[in-house]
Every structure is written in structure tokens, then in C-alpha cells.
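Only one structure is covered here, and it is reproduced in the block below.
The values are calculated or read from the model by the stated rules, or taken from the named source; none is laboratory data. All of these numbers come straight from a predicted model, not from anything done at the bench. Counting neighbours? That spans all protein chains shown, and the Cβs are built from the backbone with ideal geometry, glycine included. Only protein heavy atoms, including side chains, enter the accessible area calculation; ligands, DNA and RNA are left aside. Shrake-Rupley method; radii C 1.70, N 1.55, O 1.52, S 1.80 Å.
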Amino acid sequence: MAAAAMSSTASLGTLEWARETRGILRRRDRLAFAGQGLLYLLATLPWELRRALRIKRRRLASVDSAALRPPDSAVCREAEQLVAEGTSPMVASHSHRTYAWGAVLAAHDGLRYDREVVFVASLLHDLCAEHPDALPYPHCFTLPEAERVEQLTELAGWEERRRRAAAEAITLHANLWRPRDSPESYLVFAGARL
């Protein structure tokens, strides 16, 4: 009964959805994903078409370099070690850039966010993507990463809300349309795309 109730409320890409479906799209999920794709296509129109539709660019960012400095804590250093040891230099660089771009976007848009949550989620969001054959089949690569982040941050003494925010930022980053659940999810999503 609880699983049936959860299936009606778990939104595509959330941690609950990933646990419930193991990342396998149901019919309604495929429709939601297609809708995200349509929104994504509209948002990324070529500049000529954007100009014809009078979609204007926003102001350029001016960012203090201190805003880009990663947080320095034991859990952040452990995340850095995991990504350095568990991935190729290409994925490790992408993970660090994900945080940097997220921090730039936050500064540009004036977003307040938990830097540690975004840093840890950014570093570990693609940890399993490089080795999909190691995952149980069928399985979304984001779920083991999210669960690892939950364990790592629980050992670090993070409260449930922050642990969930980091895990959810990882599962939601694979969606096509920006998450609106939290600034942390949005920053990992957008940072990974940039």
C-alpha cells in the first residue's frame, strides 16, 4: 500500500522515484521526460530564432573568485578523493567544473545555497556513469551515487535534510528540464550541463 501511494507522488528523477523504479521509465515518466525535452528544446533555440521571437539574453555575470572556491571540510575532501580514485581525469574534471559553473550561476542569479551540498553532489554525481556495466541491470546510474552520498554525509554528521538535498541533486541532474525543488538541485543540474 505504501509503495502504491509513493508511486503516485514520486516525481520523475527524484530520489524516491529512483528507488521506486530503479530508474526505469514508466509510461507516465516517458511522457514527463518528453515534456521536459520539449521545454529544453524551446529554451535552447538558436539565437536567430530567439531574436525573432524577442527572447532576450539576461545580463552578463560578474563573479567574485571567492564565490568559486570550494568548501574545505572533511566530507568535501573525502568526495574529492572518491572522484580522483574512482573516475578518469575527464570525469573528475567534469565534476569539478560542475561545481564551478553552479557557483557562477548562483552568484549571477543571487541564489543562496548550501555550498557543501552542491560541492559533494557535483563531485559524485557521475561517479558510476563511467562504468555502467558494474551496475545491477536494469538500473539508473544516479541511484548508487545518491545512496553513496547519503552514507558519506551521514558519517559526516549531516542532518537528514542536507543528506537528502545532496542525494536528490544527484538523481535530478539526469532530468532534461531544470529541477525546481531546491537551489542545490538546480545548481548541480545546470552546472553539469555547462
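When you go through (1) more than 16 Å from Ile170 (Cβ to Cβ); (2) free of Cβ contacts under 8 Å to residues at least 40 places away in the same chain one by one for Ser95, which number turns out not to apply?
With respect to (1) more than 16 Å from Ile170 (Cβ to Cβ); (2) free of Cβ contacts under 8 Å to residues at least 40 places away in the same chain, Ser95 is out only on (1).
In region 139-162, how many residues are among the polar types (S, T, N, Q) and open to solvent by 10 Å² or more (accessible area, probe 1.4 Å)?
Adding up the residues that qualify gives 1.
Any residue in region 72-87 that is modelled with pLDDT of 90 or more, acidic (Asp, Glu), under 17 Å from His173 (Cα atoms) and not in a helix (DSSP H, G or I)?
No, region 72-87 contains no residue that is modelled with pLDDT of 90 or more, acidic (Asp, Glu), under 17 Å from His173 (Cα atoms) and not in a helix (DSSP H, G or I).
Does Thr171 satisfy the condition of being touching a Phe, Trp or Tyr at 6+ places or on another chain (Cβ under 8 Å) and open to solvent by less than 10 Å² (accessible area, probe 1.4 Å)?
yes
Quick one: which residue in Leu25, Leu45 is surrounded by 12 or more Cβ atoms within 10 Å (Cβ to Cβ), more than 21 Å from Val118 (Cβ to Cβ) and either touching a strand residue (DSSP E or B) at 6+ places or on another chain (Cβ under 7 Å) or at pLDDT 75 or above (or both)?
Leu25
In region 1-22, what count of residues is obtained for those that are out of contact with any Lys or Arg (no Cβ under 8 Å at 6 or more places or on another chain), in a helix (DSSP H, G or I) and either within 15 Å of Phe141 (Cα to Cα) or modelled with pLDDT of 85 or more (or both)?
Result for region 1-22: 6.
Can you tell me which residue is modelled with the lowest pLDDT among those in region 88-125 that are of a type in the set (Asp, Glu) and part of a helix (DSSP H, G or I)?
Among residues in region 88-125 that are of a type in the set (Asp, Glu) and part of a helix (DSSP H, G or I), the one modelled with the lowest pLDDT is Asp109.
Modelled with pLDDT under 85 and either within 15 Å of the chain's Cα centre (by Cα) or under 14 Å from Thr14 (Cα atoms) (or both), is that true of Arg164?
So Arg164 fails the test.
In region 74-91, which residues are surrounded by 19 or more Cβ atoms within 10 Å (Cβ to Cβ) and within 16 Å of the chain's Cα centre (by Cα)?
Ala79, Val83
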